[in-house]
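Take a look at the structure set out below.
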Amino acid sequence: MKALVLLLLPSLALAAPPPPKPQRIASLLVPMDPTAESSGPKMESYMNEALTEFQGYTLRKPEDLFGLPQDDEALVALKRGKQGLEESVAAFDKKQYEEAELKIRATLKELQKAAPAMTASCNPLCDATALYAAVMHQRGDVEETKLALLDLMALNPTYELDTKRYSRDFISLRVQVATGVHAALRGGATVKSRPAGARVYIDNEFKGYTPVTVSTLPVGKHLLRLERPGFRVYGQLLEVSPDDVEASAALQPTDDYKAYDARLDTVANEVMRANATSSQAVAGLGKALGLERGFVGTVRDIPDSGTTELVLGLFDMKDGKRLGVRRIVLQGDEFGQLKSEMARLVNHLLNNAEGGAEKRVKSSDPLENSHGMEEWNREDRGGKRRDQEKKSKKGDPLEGVNGTEDW
């Protein structure tokens, strides 16, 4: 009998059902007014971050759904700029300073057009700026040299000059400029886009969503880049001065995003119906985007109140069935509370949906999947819900009430 069981084990293993395929899920918010265009992408990012805590789902971020196409002209300009920099360096190393000046000036013009494509670092722009400063120093133009060094320090304060290529006098001048009055000057920049809600990067550092004002930037040149999924990446070289400056961009949508945008009015109308149990528009959207589940909602700024209304539904995107819905009014994000609000909302809807979210496997760590909020909302990330014993009220009608039961 024991031998028979051992023989059957491989067959039983082969007959075991495969694990369920993760469901593709995404967060999609429809702005109902121009001012809500800015808050929608931020809320989507916070909801997506909360969704990473759940098993059984494959998260589809906006860039996965709509793409984040590069600027082709910027890529070509970057390639030409790199070639121009190599030729400029070669002329400088041969002490052909007049030729090096002509080549490096042309290179900087190309790299200015390549701003959207420099996503990893300020190079080759920083290298070209340093070389231009060194050429000007060799040509005897001290003031132009100082201005170029200010630009270099604004782009990258920790940029290291090549001691094998540049003279000791030039490196000493850089130290002098870095400790001078002008290097301490700061300015601000207000960045806007159409549509709003684009991610803003200055010198490859995330600064927020348009419209946004960034203060205390060092005077000089900075790399500005705007990213909004479904739109071509935008970039420019931003000149910051002690007086505040403003940059504005009209983002170019892709054909896929235009097709998605054309569906949004119908989707928003069906999502906001209080008594609707399903939505054909949502089902069509799910088919077009290749989703099985989705958070689909509308965002509307309430005039003169400083608040935002969010109506959010969790849908089975295959047939448009609504698995849950919540309507909340948000009080802004002055103290960073928006992120936790979105996480609680995601947890609530997934935990209470039919089928729910797959529970995380509990490990030996007693604090795993615990976030310190269980006593507030009785919910935990990963779809786990705690059932607590009811305590005797002892005549106090408020005992056991914590003010967040609506969650």
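The values are calculated or read from the model by the stated rules, or taken from the named source; none is laboratory data. Computed from a predicted model, the values in this text were never measured in an experiment. Methodologically, a virtual Cβ is constructed for each residue, glycine included, from the backbone with ideal geometry; neighbour enumeration extends over all protein chains shown. Protein only, heavy atoms only, side chains kept; ligands, DNA and RNA dropped before computing areas. Shrake-Rupley method; radii C 1.70, N 1.55, O 1.52, S 1.80 Å.
Looking at residue 154, is it closer than 21 Å to residue 225 by Cα and in contact with a Pro (Cβ under 8 Å, 6 or more places away or on another chain)?
On the way: closer than 21 Å to residue 225 by Cα: yes; in contact with a Pro (Cβ under 8 Å, 6 or more places away or on another chain): yes.
Answer is yes for this residue.
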Return a yes/no flag: does the range 318-330 have any residue that is part of a loop (DSSP other than H, G, I, E, B) and either aromatic (Phe, Trp, Tyr) or open to solvent by less than 50 Å² (accessible area, probe 1.4 Å) (or both).
yes
Among (1) over 18 Å from residue 173 (Cβ atoms); (2) surrounded by 15 or more Cβ atoms within 10 Å (Cβ to Cβ), residue 120 falls short only on (2)
What pairs come up if the first residue lies in the range 181-208 and is under 19 Å from residue 301 (Cβ atoms), the second is of a type in the set (Ser, Thr, Tyr) and part of a loop (DSSP other than H, G, I, E, B), and their beta carbons are under 6 Å apart, counting only those six or more places apart or on different chains?
192/210; 193/210; 196/210; 198/210
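Yes/no matrix, rows are residues, columns are (1) surrounded by fewer than 19 Cβ atoms within 10 Å (Cβ to Cβ); (2) at negative phi; (3) among the aromatic types (Phe, Trp, Tyr):
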site: 189; (1), (2), (3): no, yes, no
site: 196; (1), (2), (3): no, yes, no
site: 206; (1), (2), (3): yes, yes, yes
site: 216; (1), (2), (3): yes, no, no
site: 221; (1), (2), (3): no, yes, no
site: 225; (1), (2), (3): no, yes, no
site: 232; (1), (2), (3): no, yes, no
site: 256; (1), (2), (3): yes, yes, no
site: 263; (1), (2), (3): yes, yes, no
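Kindly indicate the residue of the range 127-185 that is assigned to a loop (DSSP other than H, G, I, E, B) and either of a type in the set (Lys, Arg) or in contact with a strand residue (DSSP E or B) (Cβ under 8 Å, 6 or more places away or on another chain) (or both) and also nearest to residue 94 (Cα to Cα) among those meeting that condition. Walk me through it before giving the result.
Filtering the range 127-185 for residues assigned to a loop (DSSP other than H, G, I, E, B) gives 139-141, 156-167, 179-181, 185.
Restricting the remaining residues to those that are either of a type in the set (Lys, Arg) or in contact with a strand residue (DSSP E or B) (Cβ under 8 Å, 6 or more places away or on another chain) (or both) gives 139, 157, 164-165, 185.
Numbers: 139: 15, 157: 28, 164: 13, 165: 11, 185: 36 Å.
That would be 165.
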In this structure, does residue 289 turn out to be touching a Leu at 6+ places or on another chain (Cβ under 8 Å), open to solvent by less than 20 Å² (accessible area, probe 1.4 Å) and farther than 30 Å from residue 187 by Cβ?
no
Can you confirm whether residue 264 is in the same structural domain as residue 36 (by the TED database), more than 19 Å from the chain's Cα centre (by Cα) and not polar (S, T, N, Q)?
yes
Of all residues making up the range 47-67, the number that are of a type outside the set (Gly, Ala, Ser) and open to solvent by less than 50 Å² (accessible area, probe 1.4 Å)
9
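Let me confirm something: among 90, 106, 100, which residue is part of a helix (DSSP H, G or I) and open to solvent by less than 40 Å² (accessible area, probe 1.4 Å)? Break it down stepwise before answering.
On the way: 90 fails: open to solvent by less than 40 Å² (accessible area, probe 1.4 Å); 106 fails: open to solvent by less than 40 Å² (accessible area, probe 1.4 Å).
Testing whether each residue is part of a helix (DSSP H, G or I) and open to solvent by less than 40 Å² (accessible area, probe 1.4 Å) leaves just 100.
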Criterion (out of contact with any helix residue (DSSP H, G or I) (no Cβ under 7 Å at 6 or more places or on another chain) and under 30 Å from residue 68 (Cα atoms)) met by exactly one of 175, 181, 200:
200
Out of curiosity, is residue 145 at pLDDT 95 or above and either in the same structural domain as residue 218 (by the TED database) or touching a His at 6+ places or on another chain (Cβ under 6 Å) (or both)?
yes
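Just to verify a result, which residue in the range 160-187, among those that are hydroxyl-bearing (Ser, Thr, Tyr) and open to solvent by 30 Å² or more (accessible area, probe 1.4 Å), is farthest from residue 102 (Cα to Cα)? Give the derivation first.
Taking the range 160-187 as the starting set, the residues that turn out to be hydroxyl-bearing (Ser, Thr, Tyr) are 163, 166-167, 172, 179.
Subset that is open to solvent by 30 Å² or more (accessible area, probe 1.4 Å): 163, 167, 172, 179.
Working: 163: 23, 167: 21, 172: 25, 179: 30 Å.
That would be 179.
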Every residue from the range 81-101 that is under 39 Å from the mean Cα position of the chain (by Cα) and not charged (D, E, K, R)
81, 83, 84, 85, 88, 89
